[in-house]
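**Student:** Would you mind keeping the following structure in view while I ask a few things?
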Amino acid sequence: MTDATLDLAKTGADRLLARKRLTAFAVPAVILAYLTYVFFAFDVPGLAQRAQLENAVTLASDSWSHKVHVTRDHGDGAIEYAVEGERKGAYPEGTRPDWVRVEGDETIVELSEGHVVRLLPGNRMIYDVPGYGVIDARREGNAIVTNLSEPLPDWISASRTRVALDTEGGRVAITRSKTEIFRYFGGWELFWFTFESPYYGVPAAQILFGDRLDPARANIVGAVQDFWSNPMWRHGDVVWAIGETILMAFLGTFGAAIIALPLAFAAAKGFAPLKTVRFGVRRVFDFVRGVDALIWTVVLARAFGPGPMTGALAILVTDTGTFGKIFSEALENVDQKQIEGVASTGAKPLQRHRFGVIPQVVPVLLSQILYFLESNTRSATIIGAITGGGIGLMLTQAIQTQKDWEEVAYYIVLIVLMVMVMDWLSGKLRGRLIGRPEGH
């Protein structure tokens with residue numbers, strides 16, 4: 001090897017080494033620059049300043065607990081007790097929680113952590129807060145008068161028309177119209193039966209094996225009826241809404257598959273002789289799947305009005321484009337020898353497609369359809385919130401109330417279970433129809 005050749009090889013090796021070093025430096029620099037851009041473009045410092053972790057903690061606790069309201073009307077002085085402040089959860093007349101007692105003209109509310117609230121005549125309230133002292137508040141005319149002095153701790157919010165106290169024992173809110181005391185408890189109260197049901201607070205063993213509690217109904221029949229028609233948790237409506245959600249996904253997915261299959265032949269090479277036809281059908285597929293299902297939902301809701309069928313149509317339109325692309329690509333990859341074998345028997349074009357093409361693409365088609373059915377079950381939840389149908393609508397309504405977060409948690413749990421069941425059924429069907437192992 002000559003000196004010139006050695007110098008050339010050495011130069012090439014130096015260039016390769018320099019290129020590697022440049023790459024090793026450039027990649028981290030680009031990543032760092034991108035992360036820096038994201039840091040300022042998404043206003044991460046501002047997000048950290050606006051974060052209110054206390055609200056997140058309150059929201060999380062409200063999802064697994066409930067609160068009982070003790071409410072005194074400043075007009076007539078009447079005191080009401082209700083779970084979550086709902087009339088459907090009101091204690092029967094003449095009854096009250098065991099942590100509330102009446103002594104003369106005083107109503108004493110014992111909260112947790114040793115906190116005690118006394119409701120006195122004249123729309124006056126005295127709250128003994130351990131470690132802080134006694135808070136005295138009353139309504140005088142159109143104003144709330146208190147013994148509070150500045151500076152106030154962060155758990156007290158006070159103005160001329162409203163005083164709010166958020167302590168470890170509970171919460172108290174005083175306005176010109178009422179005094180309201182909240183005490184929190186773990187669990188979803190009245191989930192099975194409301195106070196009006198004869199089965200409320202009755203052990204399951206007594207319902208199953210004990211004497212009849214309602215003379216007009218057998219215990220099991222009555223318990224099922226009262227649970228199903230529970231006015232607070234609306235279990236019957238929830239089951240119906242889940243059925244609507246699954247039906248939206250089913251109609252949209254299989255409707256799209258039925259429409260997309262014949263159109264896929266027109267978009268596949270080797271099946272559509274005219275290039276212009278293939279081009280036109282493919283662009284239609286690109287258009288309908290290029291627009292998100294949520295946008296189609298809004299458009300179709302304006303055209304046909306709200307309802308579950310509108311949600312099914314939105315899924316159908318979007319998936320028609322997706323299925324069309326998937327099916328046409330599957331058709332283009334079929335084995336021509338199998339088609340030629342069928343043609344050698346004298347089969348007509350339709351028969352060649354039926355016996356030479358369809359058996360080859362069925363596994364791909366079924367696998368994709370079942371996968372999209374599972375995925376669309378999740379999508380139908382969000383679409384239902386827009387079109388006014390399914391469990392998505394109930395979830396949105398519960399969120400908008402900003403108070404019934406235990407119902408939000410209930411709906412979310414059911415949605416997760418629904419998706420898990422659909423995933424399991426989809427896997428089972430794929431295993432049986434396509435020949436995959438049972439353990440999938």
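**Student:** Would you pick out the residues in segment 81-100 that are in contact with an Asp or Glu (Cβ under 8 Å, 6 or more places away or on another chain) and in a strand (DSSP E or B)?
**Tutor:** Of everything in segment 81-100, those that are in contact with an Asp or Glu (Cβ under 8 Å, 6 or more places away or on another chain) and in a strand (DSSP E or B) turn out to be V83, A90, V100.
**Student:** Another one. Which number in (1) modelled with pLDDT of 80 or more; (2) over 30 Å from R139 (Cβ atoms); (3) surrounded by fewer than 10 Cβ atoms within 10 Å (Cβ to Cβ); (4) not polar (S, T, N, Q) marks the one condition that D3 misses?
**Tutor:** (1)
**Student:** Now a separate question. Got a sec? Which of A223, A260, A272 is within 29 Å of L373 (Cα to Cα), outside any loop (DSSP other than H, G, I, E, B) and over 22 Å from the mean Cα position of the chain (by Cα)? Can you show your working first?
**Tutor:** Working: A223 fails: within 29 Å of L373 (Cα to Cα); A272 fails: outside any loop (DSSP other than H, G, I, E, B).
Residue meeting the stated conditions: A260.
**Student:** Within the set of pairs 6+ apart or on separate chains, which have a first residue in segment 157-186 that is more than 16 Å from R124 (Cβ to Cβ), a second that is charged (D, E, K, R) and open to solvent by less than 30 Å² (accessible area, probe 1.4 Å), and C-beta atoms under 6 Å apart?
**Tutor:** Close Cβ pairs (under 6 Å, with a partner that is charged (D, E, K, R) and open to solvent by less than 30 Å² (accessible area, probe 1.4 Å)) amount to F182/K67; Y184/K67.
**Student:** Taking only segment 104-117 into account, find how many residues are at pLDDT below 90 and either open to solvent by less than 70 Å² (accessible area, probe 1.4 Å) or closer than 21 Å to P130 by Cβ (or both).
**Tutor:** Qualifying residue count for the region: 3.
**Student:** Hey, could you check segment 281-293 for residues that are open to solvent by 70 Å² or more (accessible area, probe 1.4 Å) and in contact (Cβ under 8 Å) with a residue 12 or more places away in the chain and say which is nearest to the chain's Cα centre (by Cα)? So that I can check it myself, show each step before the final result.
**Tutor:** Looking only at segment 281-293, we keep the residues that are open to solvent by 70 Å² or more (accessible area, probe 1.4 Å), and these are 283-284, 287, 289, 292.
Subset that is in contact (Cβ under 8 Å) with a residue 12 or more places away in the chain: 284, 287, 289, 292.
On the way: V284: 32, F287: 29, R289: 24, D292: 19 Å.
If we take residues in segment 281-293 being open to solvent by 70 Å² or more (accessible area, probe 1.4 Å) and in contact (Cβ under 8 Å) with a residue 12 or more places away in the chain, then D292 is nearest to the chain's Cα centre (by Cα).
**Student:** Considering only residues of segment 330-340 that are exposed (fewer than 15 other Cβ atoms within 10 Å of the Cβ) and within 13 Å of F265 (Cα to Cα), which is modelled with the highest pLDDT?
**Tutor:** E332
**Student:** To continue, here is another question. When residues of segment 406-432 are filtered for being open to solvent by 40 Å² or more (accessible area, probe 1.4 Å) and at pLDDT below 85, how many remain?
**Tutor:** Summing the residues that are open to solvent by 40 Å² or more (accessible area, probe 1.4 Å) and at pLDDT below 85 in segment 406-432 gives 3.
**Student:** Same structure again: Can you name the residue in segment 237-275 that is charged (D, E, K, R) and out of contact with any Gly (no Cβ under 7 Å at 6 or more places or on another chain) and, of all such residues, is least open to solvent (accessible area, probe 1.4 Å)?
**Tutor:** D237
**Student:** Let me ask something additional. Please go through segment 382-396 and pick out each residue that is open to solvent by less than 10 Å² (accessible area, probe 1.4 Å) and outside any helix (DSSP H, G or I).
**Tutor:** Listed by number, the list holds a single entry, G389.
**Student:** Something else: For segment 305-321, what are the residues that are more than 16 Å from A264 (Cβ to Cβ) and of a type outside the set (V, I, T)?
**Tutor:** G305, P306, G307, P308, M309, G311, A312, L313, A314
**Student:** Would you check if A272 is in contact with a Ser or Thr (Cβ under 6 Å, 6 or more places away or on another chain) and either within 30 Å of V421 (Cβ to Cβ) or small (G, A, S) (or both)?
**Tutor:** Answer is no for this residue.
**Student:** A further question follows. Could you look through segment 226-236, keep only residues that are touching a helix residue (DSSP H, G or I) at 6+ places or on another chain (Cβ under 8 Å) and in a helix (DSSP H, G or I), and pick out the one that is most open to solvent (accessible area, probe 1.4 Å)?
**Tutor:** W228
**Student:** Also, I was wondering about something else. Can E93 be described as closer than 30 Å to A398 by Cα and surrounded by 13 or more Cβ atoms within 10 Å (Cβ to Cβ)?
**Tutor:** Spelling it out, it is not the case that E93 is closer than 30 Å to A398 by Cα and surrounded by 13 or more Cβ atoms within 10 Å (Cβ to Cβ).
**Student:** OK, next. Of a type in the set (V, I, T), free of Cβ contacts under 8 Å to residues at least 24 places away in the same chain and either in contact with a helix residue (DSSP H, G or I) (Cβ under 8 Å, 6 or more places away or on another chain) or under 24 Å from G77 (Cβ atoms) (or both): is that true of V134 in this structure?
**Tutor:** Judged against the criteria, V134 is a match.
**Student:** Any idea which of (1) open to solvent by 60 Å² or more (accessible area, probe 1.4 Å); (2) assigned to a helix (DSSP H, G or I); (3) over 18 Å from A249 (Cα atoms) is the one R278 doesn't satisfy?
**Tutor:** R278 satisfies all of (1) open to solvent by 60 Å² or more (accessible area, probe 1.4 Å); (2) assigned to a helix (DSSP H, G or I); (3) over 18 Å from A249 (Cα atoms) except (1).
**Student:** Of all residues in segment 86-104, which are free of Cβ contacts under 8 Å to residues at least 40 places away in the same chain and among the small types (G, A, S)?
**Tutor:** G94, G104
**Student:** Sticking with this one: Any residue at all in segment 389-404 that is farther than 26 Å from L313 by Cβ and in contact with a strand residue (DSSP E or B) (Cβ under 8 Å, 6 or more places away or on another chain)?
**Tutor:** Scanning segment 389-404 turns up no residue that is farther than 26 Å from L313 by Cβ and in contact with a strand residue (DSSP E or B) (Cβ under 8 Å, 6 or more places away or on another chain).
The values are calculated or read from the model by the stated rules, or taken from the named source; none is laboratory data. Values in this document were obtained by computation on a predicted structure and should not be read as measured data. Here Cβ is always computed from backbone atoms with ideal geometry, including for glycine, and neighbour counts include all displayed protein chains. Heavy atoms of the whole protein, side chains included, go into the accessibility calculation; ligands, DNA and RNA do not. Shrake-Rupley method; radii C 1.70, N 1.55, O 1.52, S 1.80 Å.
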